[in-house]
Amino acid sequence: MSIAAALTLTACGGSSNDDADTAAISLQNCGRTVTLDGPAERAVTLNQGATESALSIGAEGQMVGTAYLDDAVAPQWQAAYAQVPALDEKDYPSREALLETRPDLVLASYSSAFDDKAVGSHESFDEVGIATYVSPFGCKDKSKRPPVAWESIATEITDYGTLFGRESDADTVVTQMRETLAGIESAAPAKGKTIFWYDSGTDTPYIGGNAGGPQLIIDAVGGTNVFAKSDGAWLDGSWETVLAANPDVIVLADASWDTAEEKKNYLRGDPALKDLTAVRDDAFVVVPFSASTPGPRLIEGASLVSEQLGGGRA
């Protein structure tokens with residue numbers, strides 16, 4: 001079954017009454033139950049992925065704060081993003097600054113947000129009557145994480161639609177994702193090619209493994225991940241593996257903390273890596289980091305990779 005076909009089997013991640021203005025909301029999230037008296041009206045998003053998930057369904061009018069950008073917000077959502085106060089664009093806000101916004105819902109892409117070193121635990125928010133949600137891909141208990149699949153991304157988008165009472169908007173986002181994905185799979189511009197997904201790092205490369213957004217994109221374009229045997233979404237790889245694989249293509253994550261250009265310069269300047277086929281042939285593909293993490297923008301990442309590999313704009 002193709003990835004696009006599998007998406008049609010997506011199940012709703014939660015439930016809400018059609019009367020979105022008054023109905024209580026309850027859904028399961030990483031082994032916890034998230035409950036709201038009705039759609040969120042004062043939400044705060046703590047990571048760019050969470051922010052863009054909310055903006056993708058038009059929820060900016062129900063948000064009172066955002067935080068922690070990895071790179072630029074996608075152009076299609078920049079105007080909406082500008083309407084929401086940024087509590088801290090470079091890091092998590094302090095718990096005090098967060099609570100001052102009087103949120104009814106706090107959403108994050110990673111469980112690290114709900115740590116005492118960040119804004120505080122889920123339980124600490126429960127105690128003050130504030131609901132919390134973390135991306136299923138970021139569950140602290142890894143056994144609670146769903147399989148990394150496009151259908152799981154669709155479920156998370158559906159969760160956002162439920163939490164904000166914007167189910168039809170979420171359905172539209174999922175439908176568009178399915179249609180775009182079908183086109184990318186059909187083109188398969190990386191068929192027969194090996195791909196190294198390079199996130200950051202020099203002494204030890206931080207890479208896209210077999211259980212995250214990069215693997216979904218590589219599968220969609222028909223390529224083979226040189227780190228397909230490395231379990232995890234993002235993890236330390238080894239230059240020895242890269243040299244042995246001699247990949248046809250190198251995908252470079254473009255992030256504020258490690259730009260694509262910095263990685264190109266490192267690869268071209270290293271005595272061993274400069275002789276890789278992909279480096280010699282300038283076979284680089286550049287993707288914003290925020291378009292490589294599971295969420296509504298991952299399909300943009302897949303489109304960018306497909307286009308740069310000659311598959312056309314999906």
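3J(HN,Hα) along the range 240-253: 4, 5, 4, 4, 5, 6, 6, x, 6, 9, 10, 8, 10, 6 Hz, from the Karplus curve 6.51 cos²θ - 1.76 cosθ + 1.60 with θ = phi - 60°, whole Hz, x for Gly and Pro.
Our summary gives the chain a relative contact order of 17 percent, counting only alpha carbon pairs under 8 angstrom and 6 or more residues apart. Label-to-label distance, Asp171 versus Ala82, with points set 7 angstrom from Cα along the beta-carbon direction: 3.2 nm. Helical content alone sets the calculated 222 nm signal of the chain at -9000 deg cm²/dmol, taking -39,500 (n - 2.57) per DSSP H segment of four or more residues and averaging over every residue. A straight chain from Lys144 to Thr202 at 0.36 nm per residue would run longer than the Cα-Cα distance by 17.7 nm. Mean shadow of the range 207-314, computed from the convex hull of its alpha carbons, in nm²? In nm², the orientation-averaged hull projection of the range 207-314 is 6.4.
Net charge dipole, the chain: roughly 780 debye, given to the nearest 20, about the Cα centre with Cβ charges of +1 for Lys and Arg and -1 for Asp and Glu.
Full extension of the chain between Thr224 and Arg102 yields a length gain of 39.2 nm, computed as 0.36 nm times the residue separation minus the alpha carbon distance. Shown here: the range 63-188, whose C-alpha atoms stretch 49, 37, 27 Å along the first, second and third principal axes, sorted largest to smallest. The 3J(HN,Hα) values that the Karplus relation (6.51, -1.76, 1.60; θ = phi - 60°) gives for the range 90-97 are, in residue order, 10, 6, 6, x, 5, 4, 4, 5 Hz. Gly and Pro appear as x. List every residue whose amide H lies under 5 Å from the amide H of Asn29, counting only residues 5 or more places away in sequence or on a different chain, with H placed 1.01 Å from N in the peptide plane. Distant-sequence amide H within range of Asn29: Val34. Loop-located chymotrypsin sites (Phe, Trp or Tyr not before Pro) in the range 218-314 (DSSP state other than H, G, I, E, B) with a sparse environment of at most 14 neighbouring Cβ atoms within 10 Å: Trp257. Residue separation of Ser112 and Ser26 scaled by 0.36 nm, minus their Cα-Cα distance, works out to 28.6 nm of gained length.
Projected onto their three principal axes, the Cα atoms of the chain cover extents of 61, 40, 37 Å, largest first.
Within the range 86-240, DSSP assigns beta bridges of which about 45% are antiparallel (rounded to the nearest 5). For the range 261-273, backbone phi angles converted through the Karplus equation (6.51, -1.76, 1.60; θ = phi - 60°) give residue-by-residue couplings of 5, 4, 5, 4, 4, 5, 4, 6, x, 7, x, 8, 5 Hz, Gly and Pro being listed as x. Computed from Cα positions, the angle between helix 167-187 and the longest principal axis of the chain comes to roughly 10 degrees. For Thr45, the residues whose amide H sits under 5 Å from its own are Gly65, Thr66, Ala67, Leu107, ignoring neighbours fewer than 5 places away on the same chain, with H placed 1.01 Å from N. A protection proxy built from the mean count of other Cβ atoms within 10 Å ranks the segments 29-41, 204-216, most packed first, as 204-216, 29-41. Bridge orientation summary for the chain: considering DSSP beta bridges with both residues in this region, about 35 percent are antiparallel. Please identify the GluC sites (Glu not before Pro) of the range 110-184 that satisfy two criteria: DSSP loop assignment and at most 11 other Cβ atoms within 10 Å. Which are they? Loop-located and lightly packed - Glu127. The listed residues Lys264, Lys229, once ranked by accessible area (1.4 Å probe) with the largest placed first, stand as Lys229, Lys264. For the chain, the solvent-accessible area of protein heavy atoms averages 43 Å² per residue (probe radius 1.4 Å; ligands and nucleic acids excluded). In this structure the amide hydrogen of Ala255, modeled in the peptide plane, comes within under 5 Å of the amide hydrogens of Ala260, Phe289, none closer than 5 places in sequence on its chain.
The values are calculated or read from the model by the stated rules, or taken from the named source; none is laboratory data. Worth saying up front: this structure is predicted, and the values here are computed from it rather than measured. FYI the Cβ positions are ideal-geometry reconstructions off the backbone, even for glycines, and counts take in every protein chain you see. For accessibility, only protein heavy atoms count, side chains too; no ligands or nucleic acids. Shrake-Rupley method; radii C 1.70, N 1.55, O 1.52, S 1.80 Å.
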